[in-house]
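The values are calculated or read from the model by the stated rules, or taken from the named source; none is laboratory data. Note that the structure is a prediction, hence the values are computed from the model and not measured. Reconstructed Cβ throughout: ideal geometry from the backbone, glycine too, with neighbour counts over all protein chains shown.
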């Protein structure tokens, strides 16, 4: 009788242990997945904050009188635009994969020196110096319509500039030709007509942003 009671007691303890351990095991994987997701989110936020500081200081160096609200809006759109850029892993600058946010900021620096109101004699408009006719062509051929008359708006300008860059990325086989086509038009580049100096200016701006020499000059960067 005593032995039966002992067996029942031992079985009860095992059952109790199973009832405690099984739920823990069942929840451990989803919990770990969620913790990993949170960790990735925190890492991404830290990286983007680093980009934001770096680009904020660079914009200050390029355009010291830039309105703070305009700059904050521009930084938001540049970071969003960088996520939308479809740069293949094989596209490289100085033997390393292109960093989308540095590339996009370098192009804006060369095109407009971060001036929202920039307007060329050829009617290129805004930060990325887009022609209304280019946006109209994309609306007709690539979908996702935006009003070509709104190119001085930061959101519209960066969005359409990224859309055009993605089109060129799929047409050209390296980042240099993408830049030359952005400046001279893809048809001219295919025929061998372009301005090489445009690429060297993009390359110089990209290296400046990447290497961050200007950060030493600004001891009190402001995060917007």
Write out, first by first residue and then by second, each pair whose Cβ atoms fall under 7 Å of each other, whose residues are 6+ apart or on separate chains, and whose first residue, in the stretch 200-212, is touching a residue at least 24 places away in the same chain (Cβ under 8 Å) and on the phi > 0 side of the Ramachandran plot while the second is part of a helix (DSSP H, G or I) and surrounded by fewer than 20 Cβ atoms within 10 Å (Cβ to Cβ).
-> 212/54
Just wondering, is there one or more residues in the stretch 64-80 that are surrounded by 13 or more Cβ atoms within 10 Å (Cβ to Cβ), at pLDDT below 95, part of a helix (DSSP H, G or I) and in contact with a helix residue (DSSP H, G or I) (Cβ under 7 Å, 6 or more places away or on another chain)?
-> no
Tell me, yes or no, whether the stretch 127-140 has at least one residue that is assigned to a helix (DSSP H, G or I) and within 21 Å of residue 75 (Cβ to Cβ).
-> no
So which pairs qualify, if the first residue must be in the stretch 87-115 and at pLDDT below 95, the second must be in a helix (DSSP H, G or I) and surrounded by fewer than 17 Cβ atoms within 10 Å (Cβ to Cβ), the Cβ gap must be under 8 Å, and the two must be at least 6 apart or on different chains?
-> none
Set 130, 142: member being farther than 16 Å from residue 70 by Cα and at pLDDT 95 or above | 130
Residues 100, 132: which one is farther than 19 Å from residue 189 by Cα and within 19 Å of the chain's Cα centre (by Cα)?
-> 100
Filtering the stretch 105-123 down to residues that are out of contact with any helix residue (DSSP H, G or I) (no Cβ under 8 Å at 6 or more places or on another chain) and surrounded by fewer than 22 Cβ atoms within 10 Å (Cβ to Cβ) yields 115, 117, 119, 120, 121, 122
Has the stretch 135-153 got at least one residue that is surrounded by 21 or more Cβ atoms within 10 Å (Cβ to Cβ), under 18 Å from the mean Cα position of the chain (by Cα) and more than 17 Å from residue 185 (Cβ to Cβ)?
-> no
Looking at residue 188, is it surrounded by 15 or more Cβ atoms within 10 Å (Cβ to Cβ) and modelled with pLDDT of 95 or more?
-> no
